[in-house]
Amino acid sequence: MKQAAHKEVAAWIAAGLFVTTMWFWHIPAAYDWALGNEAVHVCEHITLLVAATFFWRVVLTSGKRRLSPAMAVVLVSLVGIQGSFLSALIMFAPHPLYAAYSGNGLDDQVLAGVLMCIPASFVYLGSTIWALSRMLGNSRTHVR
């Protein structure tokens, strides 16, 4: 039982780290800092890659070894919702949030928010469907 609780804590840590990293680098000051400094820009991409890899590894290895497919559905859904919220904040901002977009009006920023929302939604939806199918497949094998 203790090992199962540890696996769930690790999954929540992975999701929290992924969300925190994503939101941090979308703070206008952090985003502009990364664009203005090559070393920080590299650090931005490395931290996003590591956090995403940690999160998706937990999700993709859900099952007997890590966490239940139901927990994977919950985590992916929550992470997907917050990602949609972040992209909505970017899309519907009344003025450019980032210095990189200030010369182009809101068009580029809105496009960035749309690109952040639409493809990511399909990834989250697909992984949720995959986890649900695994969960339902496991429940059928236990019923027999």
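Across segment 116-136, what is the total count of residues that are crowded, with 16+ Cβ neighbours inside 10 Å and touching a residue at least 24 places away in the same chain (Cβ under 8 Å)?
Looking only at that region, the number is 9.
For the subset of segment 11-44 comprising residues that are among the hydroxyl-bearing types (Ser, Thr, Tyr) and crowded, with 17+ Cβ neighbours inside 10 Å, which member is modelled with the lowest pLDDT? Show your work before the answer.
Within segment 11-44, the subset among the hydroxyl-bearing types (Ser, Thr, Tyr) is 20-21, 31.
Keeping just the survivors that are crowded, with 17+ Cβ neighbours inside 10 Å gives 21, 31.
Details: Thr21: 97, Tyr31: 94.
Residue satisfying both the conditions and the ranking: Tyr31.
How many residues does segment 85-115 contain that are open to solvent by less than 50 Å² (accessible area, probe 1.4 Å) and either closer than 14 Å to Trp23 by Cα or among the aromatic types (Phe, Trp, Tyr) (or both)?
Pass one, segment 85-115, residues open to solvent by less than 50 Å² (accessible area, probe 1.4 Å): 86-88, 90-91, 93, 96, 98, 101, 105, 109, 112-113.
Add one more test, that the residue is either closer than 14 Å to Trp23 by Cα or among the aromatic types (Phe, Trp, Tyr) (or both), and what stays is 86-88, 90, 98, 101, 113.
Counting residues in segment 85-115 that are open to solvent by less than 50 Å² (accessible area, probe 1.4 Å) and either closer than 14 Å to Trp23 by Cα or among the aromatic types (Phe, Trp, Tyr) (or both) gives 7.
Got a sec? Which of Arg65, Arg140 is open to solvent by 80 Å² or more (accessible area, probe 1.4 Å), closer than 19 Å to Ala10 by Cβ and modelled with pLDDT under 85?
Numbers: Arg140 fails: closer than 19 Å to Ala10 by Cβ.
Exactly one residue qualifies, and that residue is Arg65.
Just to be sure, is Ala93 modelled with pLDDT under 85 and closer than 25 Å to Gly36 by Cβ?
Details: modelled with pLDDT under 85: no; closer than 25 Å to Gly36 by Cβ: yes.
The answer is no for Ala93.
The values are calculated or read from the model by the stated rules, or taken from the named source; none is laboratory data. Since the model is a prediction, treat every value here as computed from it, not as a measurement. Cβ coordinates were reconstructed from backbone atoms using ideal geometry, including for glycine residues, and neighbour counts include every protein chain displayed. With ligands, DNA and RNA removed, areas are computed over all heavy atoms of the protein, side chains included. Shrake-Rupley method; radii C 1.70, N 1.55, O 1.52, S 1.80 Å.
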